[in-house]
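In what follows, a single structure is set out as structure tokens and then discussed.
The values are calculated or read from the model by the stated rules, or taken from the named source; none is laboratory data. Note that this is a predicted model, so its numbers are computed, not measured. Positions of Cβ are backbone-derived with ideal geometry, glycine not excepted, and every protein chain shown enters the neighbour counts.
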Amino acid sequence: MNENQSTKQVAIIGESISHSMSPAMMNAAFREKGLDYHFSIINAAPENFRDVLLKLPEQNYAGLTVTIPYKIEIMQYLDEIDPMARLIGAVNTVKFENGKMMGYNTDGEGFVRGLEEDFGVNVPDNTFFIIGAGGVSRALTTVLASRKPKRIFLESLYFEDARALCDNINHNVYDCCVPLKTDEDFKPFIEQSDVVINASFIGMPPHENETPIDTSLLRKELLVADVIYNPLKSKFLKAADALGCRHLNGQVQLFHQGKIAFKIWTGEEAPSGVMRKAVFG
């Protein structure tokens, strides 16, 4: 792709994100569709984030993917926020149009579509055990609740965060979420569950030798998911694999949220084949 002044720019903005797989995936998609767009990386230090962001509309930007640590901070600068993103309390996708910045959250929808389309999960028929109550968990738990599951058990090192998230979901989305304390016996809750999801940072460097829960609680019938993809197979997923569990990592979320973002930015359906190849090889 030959960039020129008419090329529409898109980027992922965050802090220390040189490892991102998004540029390869999105640029493959733009080439496949013959669109004059280019996707790049913007590493922005916290003290510079506001200034960098507010200059982008002047530089022919069509959109952004927003990652750690700016998914919440960016909301104060947006002109419009999609209702689901506002409910989640975080934005990871921005569209620039007619001088305005519009925010969306595709994290949760991307992950849930991966469960549905790639693994055949019918959310209303299933009970979910989710570990973590941070930004990623807020997104996927809220979207899961909107699909009306049987139950969501939510465990976090920070019980007050888990309780606040469950209260928000139960009052504003669907009454299905049960917060759990870290020192509880998880066995009866996992025995009731069909899908276990690690939505915490445990498993990523420097915590790659840790698992978010005791893996002896897993059983073969479970679908086990991890939102991280660095490493591609966390210690948690290795344990699930050894038991014969179906399992998935954060590449699934990356792929599906990328497809959603592509349509937000371009108005066209995403080319699934080349995007999937760029992510999964």
Find the helices (runs of 4 or more DSSP H) located wholly in the stretch 230-281 whose residues include 1 or more that are β-branched (Val, Ile, Thr) and on the phi < 0 side of the Ramachandran plot, and list them. 250-266, 272-280
Within the stretch 31-89, track down each residue that is aromatic (Phe, Trp, Tyr) and either modelled with pLDDT of 95 or more or in a strand (DSSP E or B) (or both). TYR37, PHE39, PHE49, TYR61, TYR77
If you take the residues of the stretch 186-206 that are part of a loop (DSSP other than H, G, I, E, B) and of a type in the set (Phe, Trp, Tyr), which of them is surrounded by the fewest Cβ atoms within 10 Å (Cβ to Cβ)? PHE201
In the stretch 222-272, residue farthest from GLY103 (Cα to Cα) [restricted to those that are free of Cβ contacts under 8 Å to residues at least 24 places away in the same chain and not assigned by TED's automatic domain parsing to the domain that holds VAL112]: SER272
Would it be correct to say that PHE119 is in the same structural domain as ASP175 (by TED's automatic domain parsing) and either surrounded by fewer than 23 Cβ atoms within 10 Å (Cβ to Cβ) or more than 24 Å from VAL173 (Cβ to Cβ) (or both)? yes
Within the stretch 124-152, residues being touching a Ser or Thr at 6+ places or on another chain (Cβ under 9 Å), among the β-branched types (Val, Ile, Thr) and in a helix (DSSP H, G or I) number 1
Filter the stretch 7-25 down to the residues that are within 22 Å of ILE74 (Cα to Cα) and not small (Gly, Ala, Ser) and list them by number. LYS8, GLN9, VAL10, ILE12, ILE13, GLU15, ILE17, HIS19, MET21, PRO23
One residue is enough: does the stretch 11-21 have a residue meeting the conditions assigned by TED's automatic domain parsing to the domain that holds PRO271, among the β-branched types (Val, Ile, Thr) and either part of a helix (DSSP H, G or I) or at pLDDT 95 or above (or both)? yes
Which of the numbered conditions does LEU223 fail, given that it passes all the others? Conditions: (1) modelled with pLDDT under 95; (2) surrounded by 13 or more Cβ atoms within 10 Å (Cβ to Cβ); (3) among the aliphatic types (A, V, I, L, M). (1)
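Residue-wise test of (1) surrounded by fewer than 20 Cβ atoms within 10 Å (Cβ to Cβ); (2) out of contact with any strand residue (DSSP E or B) (no Cβ under 6 Å at 6 or more places or on another chain); (3) of a type outside the set (S, T, N, Q).
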{"residue": "ALA139", "(1), (2), (3)": "no, yes, yes"}
{"residue": "ARG151", "(1), (2), (3)": "yes, no, yes"}
{"residue": "HIS171", "(1), (2), (3)": "yes, yes, yes"}
{"residue": "CYS176", "(1), (2), (3)": "no, no, yes"}
{"residue": "LEU180", "(1), (2), (3)": "no, no, yes"}
Being more than 20 Å from ASN122 (Cβ to Cβ), touching a residue at least 40 places away in the same chain (Cβ under 8 Å) and among the charged types (D, E, K, R) is the filter here; which residues of the stretch 143-196 pass it? GLU155
Evaluate the following for ASN209: is it part of a loop (DSSP other than H, G, I, E, B), in contact with a His (Cβ under 8 Å, 6 or more places away or on another chain), outside the structural domain of SER18 (by TED's automatic domain parsing) and not aromatic (Phe, Trp, Tyr)? no
Within the stretch 47-69, identify whether any single residue is within 27 Å of VAL252 (Cβ to Cβ) and touching a Lys or Arg at 6+ places or on another chain (Cβ under 8 Å), and answer yes or no. yes
Out of all the residues in the stretch 26-41, which are over 19 Å from GLN5 (Cβ atoms) and surrounded by 18 or more Cβ atoms within 10 Å (Cβ to Cβ)? MET26, ALA28, ALA29
